[in-house]
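These notes concern the structure reproduced below.
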Amino acid sequence: MKCPNCGTILFNAKTCKVCHYDFATEQVDYSKEKRVPNSKCPKCGSTSVIEMPKWKRPTFHARIPVECLDCRHSWEPPTSRILLALGVPASVLFTVGGIYTFFSGGDSGIGVGIVMTIAGVAAFIGCIKRLAQPRHSDSGEGTSAATKRGSGQD
């Protein structure tokens, strides 16, 4: 997230390490944030759910995280299992393409091949991990963005 006072990029901080801005006392106007229709907070059951503001979002996320305005719980909505299932073969193709580019691309293809291979493997692992998670179909609960930020998983 980004400090609204000095602009320093911070990870999982309660206060800014540069200007000592206290995020706990912040008064943010959430009236302009996009509401998420047909969504309920899995923690308190409130329907006052918004898309998490860009400055509060984790660095990497598959879906735009959402936040409850009442209890401040944040989570990432579940990704469609169909999209995750399509992501597995797509990531394998990307990895194979990266390996092919690495070995056949000459001097310019080595860097591109390495990046493609790493991105393909990361996408494959991400899809498999999400497919292995149990579904919470009735609550709409996904992976908690706060949990992901706190545990270092991005």
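Looking at ALA90, ALA62, ALA123, just one residue is at pLDDT 90 or above and under 30 Å from LYS34 (Cβ atoms), and that residue is ALA90.
Checking each residue in the range 71-88 for being surrounded by 13 or more Cβ atoms within 10 Å (Cβ to Cβ), outside any helix (DSSP H, G or I) and either of a type outside the set (Asp, Glu) or without any contact (Cβ under 8 Å) to a residue 24 or more places away in the chain (or both) picks out CYS71, HIS73, SER74, TRP75, PRO77, PRO78, THR79.
Test GLU76 against the stated conditions and say whether it is closer than 30 Å to ALA119 by Cβ, modelled with pLDDT under 80 and among the charged types (D, E, K, R). Yes.
Only a single criterion out of (1) of a type in the set (A, V, I, L, M, F, W, C); (2) exposed (fewer than 14 other Cβ atoms within 10 Å of the Cβ); (3) within 21 Å of the chain's Cα centre (by Cα) is not satisfied by ALA119, namely (2). Scanning the range 144-154 finds no residues that are modelled with pLDDT of 85 or more and assigned to a helix (DSSP H, G or I).
For beta carbons closer than 6 Å, sequence separation of 6+ or different chains, a first residue in the range 20-41 that is over 12 Å from GLU67 (Cα atoms) and outside any loop (DSSP other than H, G, I, E, B) and a second that is modelled with pLDDT of 75 or more and of a type in the set (Lys, Arg), there are no qualifying pairs.
The values are calculated or read from the model by the stated rules, or taken from the named source; none is laboratory data. Here the structure is a predicted model, which is why all the values come from computation and not from measurement. Neighbour counts run over all protein chains shown; Cβ positions are idealised from the backbone, glycine included.
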